[in-house]
1. For the range 109-119, take each phi angle, set θ = phi - 60°, evaluate the Karplus expression 6.51 cos²θ - 1.76 cosθ + 1.60, and give the result in whole Hz per residue in order, putting x for glycine and proline.
2. Please list, in order along the range 57-69, the HN-Hα scalar couplings obtained from phi with the Karplus expression 6.51 cos²θ - 1.76 cosθ + 1.60 (θ = phi - 60°), rounded to whole Hz, x for Gly and Pro.
3. Run the numbers for Gln130 and Ala22: contour at 0.36 nm per residue of separation, minus the present Cα-Cα distance, in nm.
4. Please list, in chain and number order, the residues 5+ apart from Lys67 or on another chain whose amide H is under 5 Å from its amide H, with Hs placed from the backbone.
5. How about Lys110: which lysines have a C-alpha closer than 20 Å to its C-alpha, ignoring those fewer than 8 places off in the same chain?
6. If you count only protein heavy atoms and use a 1.4 Å probe, how large is the accessible surface of Arg14, to the nearest 10 Å²?
7. Heavy atoms only, 1.4 Å probe, whole protein assembly: order Phe63, Phe9, Phe70 by accessible area, highest first.
8. Can you tell me the accessible area per residue over the range 14-169, all protein chains present, probe 1.4 angstrom, in square angstrom?
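The values are calculated or read from the model by the stated rules, or taken from the named source; none is laboratory data. Fair warning: this is a prediction, and the values are worked out from it, not measured in the lab. Methodologically, a virtual Cβ is constructed for each residue, glycine included, from the backbone with ideal geometry; neighbour enumeration extends over all protein chains shown. The protein model used for the area step is the full one, side chains on, heavy atoms only, and it has no ligands, DNA or RNA in it. Shrake-Rupley method; radii C 1.70, N 1.55, O 1.52, S 1.80 Å.
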Amino acid sequence: MLLTEIDHFSHSHRLKLMPVEAPYQCDGCKELGFAPCYQCTMCSFHLHEECARAEPNISHKYFKKCKFKFYEENLRGGVRICDACGKDIQGFLYQCSHEKAFDLHPCCAKLKETLTGPGGIKLYLSNKGQLKCLKCQSKKTSNGVKGFSYVSSSGKYCYHVACVKDLIVDNWRRGHFSSITEVNGHLALQNIAVSSQEVALLSGQSSMLRKAKTFCKKALLYIRLVVSAIFGNPTDLIFAILERLLSDN
Ligand SMILES: [Zn+2]
Ligand SMILES: [Zn+2]
Ligand SMILES: [Zn+2]
Ligand SMILES: [Zn+2]
Ligand SMILES: [Zn+2]
């Protein structure tokens, strides 16, 4: 059952589940969100649904031997890195009980296993790190964590959760997404959609160019899926802009 109003230990006022007008930073895990979230109607306070309604204990299929507990903050001290997205943990987390513990942001712990997009395209969550990510061209994330990826069934399209998160967070920090309805950022599409080989193709023959463009278009659809899995909807406007950028090329 979906609770539209809750009391949460982290805030003294009642919180309401509402859509947002602009991307927000969750006051629980400190990560970004675009999806409807629990908000205070009296002050600026936001909690991801996953953070507001975190479960005290969870298990995760990629960490079969682990039992995860929810914590309001990291009690072990030192820098903790999320084993799904490779980013620091700044607030709420799930952590397993092993001495060499795994950590997960609440939203990262709940990433969907299968994403389905327009035309039935699908992406599958993977922790294997066997394929190169199209954005960073490597199997591990930039800080050396294996991390989770989303991979197409053909294996042609693979994106680290970390890399897609970086892309959106960087643009948000630069103020490109001050509001969802006024998105006028200029995301560097080539960086996200195109591998270095494809960039070479873009300057080649026209048949190659067509192929590269098709590849970009598909890549965009896949990235869009990953973004909505990480940050929630609505991201349609961001992608309408991206698509326009692409067709101008
Ligand atoms: Zn959160
Ligand atoms: Zn409040
Ligand atoms: Zn463990
Ligand atoms: Zn994470
Ligand atoms: Zn990557």
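1. Once rounded to whole Hz, the list reads 5, 10, 4, 5, 6, 10, 10, 10, x, x, x.
2. 9, 9, 10, 9, 5, 8, 10, 4, 8, 10, 10, 9, 10
3. On the way: separation 108, 0.36 × 108 = 38.88 nm, distance 3.57 nm.
That pair, Gln130 and Ala22, stretches by 35.3 nm at full extension.
4. Ser97, His98
5. Filter leaves Lys30, Lys61, Lys64, Lys65, Lys67, Lys69, Lys87, Lys122, Lys128, Lys146, Lys165.
6. Its accessible surface works out to 120 Å², give or take rounding.
7. Working: Phe63 20, Phe9 125, Phe70 45 Å².
So, going from the largest accessible area down, we get Phe9, Phe70, Phe63.
8. Details: 7650 Å² over 156 residues.
Spelled out: the 1.4 Å probe surface of the range 14-169, per residue, equals 49 Å².
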